[in-house]
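What follows is one structure encoded as structure tokens, with my remarks underneath.
The values are calculated or read from the model by the stated rules, or taken from the named source; none is laboratory data. This one's a predicted model, so the numbers in the text were calculated from it and none came from an experiment. Note that each Cβ is placed from the backbone with ideal geometry, even for glycine, and that neighbours are counted across all protein chains shown. The area values use the complete protein model at the heavy-atom level, side chains included, leaving out ligands, DNA and RNA. Shrake-Rupley method; radii C 1.70, N 1.55, O 1.52, S 1.80 Å.
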Amino acid sequence: MQTGKRANEKKKSRSFDAKSFLNSAGVARAIVDFRGKEILFAQGEPSSHTFYIQQGQVKISVVSALGKEAVVGMLGPGDFIGEGGLAGQSLRMATATAVSPVTALRIDNKEMLRALRTESAFSDCFIAYMLERNIRIEEDLVDQLFNSSEKRLARTLLLLAHYGKQDEPQKVLAKISQETLAEMVGTTRSRVNFFMNKFKKLGFIKYNGGLHINTSLLSVVLHE
């Protein structure tokens with residue numbers, strides 16, 4: 001019985017429409033549009049707002065003290081970004097850049113905290129989202145430590161296509177450069193180019209008005 005209750009609670013939190021709630025008149029927020037390559041927020045800036053992506057893709061990158069940049073994530077519709085300020089992070093730890101035109105809700109952190117305290121359904125939804133994101137980060141670390149660059153690239157493409165999420169896979173990706181893919185995978189552009197050509201020959205991907213991802217690409221990830 002207890003297991004069934006937890007399952008029902010999880011189902012309820014997932015069925016909550018965060019987008020509709022955040023669009024409601026009761027939540028102080030601003031709808032902001034960004035052009036491709038425009039910065040939503042930069043590393044080192046005050047963490048005063050949280051963003052909820054409605055459309056488009058956003059690249060999350062970090063620059064080291066020596067000036068080396070690393071892409072640590074690619075987020076899209078339904079994702080929260082810049083939420084570190086909710087946990088007391090005073091300055092941004094990363095830069096968020098629009099890869100394609102982006103529409104996002106910009107919500108003041110005080111308003112987000114108020115909504116999380118007073119709206120239990122929204123709070124459950126947000127906690128579930130953050131837990132899933134934490135699992136994803138752990139999986140990314142394991143992937144980086146133990147898998148080949150070919151497997152890491154295949155997994156990255158599948159994640160960008162939303163493979164495994166409740167919604168239908170995106171299948172056609174917004175334009176993303178091989179340089180960005182190389183930064184995400186942790187390899188060189190020439191290696192990415194080699195594997196992309198290999199995937200194309202095997203029918204795992206194709207270029208036709210965008211990058212089409214075939215779910216058969218999963219075989220590369222599962223192959224021992």
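Summed over the stretch 37-64, the residues that are of a type in the set (S, T, N, Q) and closer than 17 Å to Asp108 by Cα give a count of 4. Restricting attention to the stretch 179-224, the residues that are part of a helix (DSSP H, G or I), among the basic types (Lys, Arg) and more than 22 Å from the chain's Cα centre (by Cα) total 4. Residue pairs whose Cβ atoms lie under 9 Å apart, sitting 6 or more positions apart in sequence or on different chains, and linking a residue in the stretch 63-77 that is farther than 20 Å from Thr156 by Cβ to a partner that is of a type in the set (S, T, N, Q) and not in a strand (DSSP E or B), are Val63/Gln43. Within the stretch 173-209, restricting attention to residues that are loosely packed, with under 13 Cβ neighbours inside 10 Å and touching a residue at least 24 places away in the same chain (Cβ under 8 Å), the residue that is farthest from Lys151 (Cα to Cα) is Gly209. Residue pairs whose Cβ atoms lie under 8 Å apart, sitting 6 or more positions apart in sequence or on different chains, and linking a residue in the stretch 28-51 that is more than 20 Å from Gly84 (Cβ to Cβ) to a partner that is open to solvent by 80 Å² or more (accessible area, probe 1.4 Å), are Ile31/Arg106; Asp33/Pro101; Arg35/Pro101; Gly36/Pro101.
Among the residues of the stretch 138-146, at least one is among the polar types (S, T, N, Q) and open to solvent by 20 Å² or more (accessible area, probe 1.4 Å). Here the strands (runs of 3 or more DSSP E) wholly within the stretch 6-124 that include at least 3 residues being modelled with pLDDT of 85 or more, touching a Phe, Trp or Tyr at 6+ places or on another chain (Cβ under 9 Å) and within 29 Å of Asp143 (Cα to Cα) are 49-55, 95-98.
When the criteria are applied in full, Arg152 fails the requirement of being open to solvent by 50 Å² or more (accessible area, probe 1.4 Å), of a type outside the set (S, T, N, Q) and either in a helix (DSSP H, G or I) or within 20 Å of Val58 (Cα to Cα) (or both).
Does Asp124 fit the bill of being closer than 23 Å to Ala98 by Cβ and either among the acidic types (Asp, Glu) or loosely packed, with under 13 Cβ neighbours inside 10 Å (or both)? Spelling it out, it is not the case that Asp124 is closer than 23 Å to Ala98 by Cβ and either among the acidic types (Asp, Glu) or loosely packed, with under 13 Cβ neighbours inside 10 Å (or both). Residues that are open to solvent by 80 Å² or more (accessible area, probe 1.4 Å) and not polar (S, T, N, Q) were ranked within the stretch 70-113; the one that is farthest from Gly186 (Cα to Cα) is Lys110.
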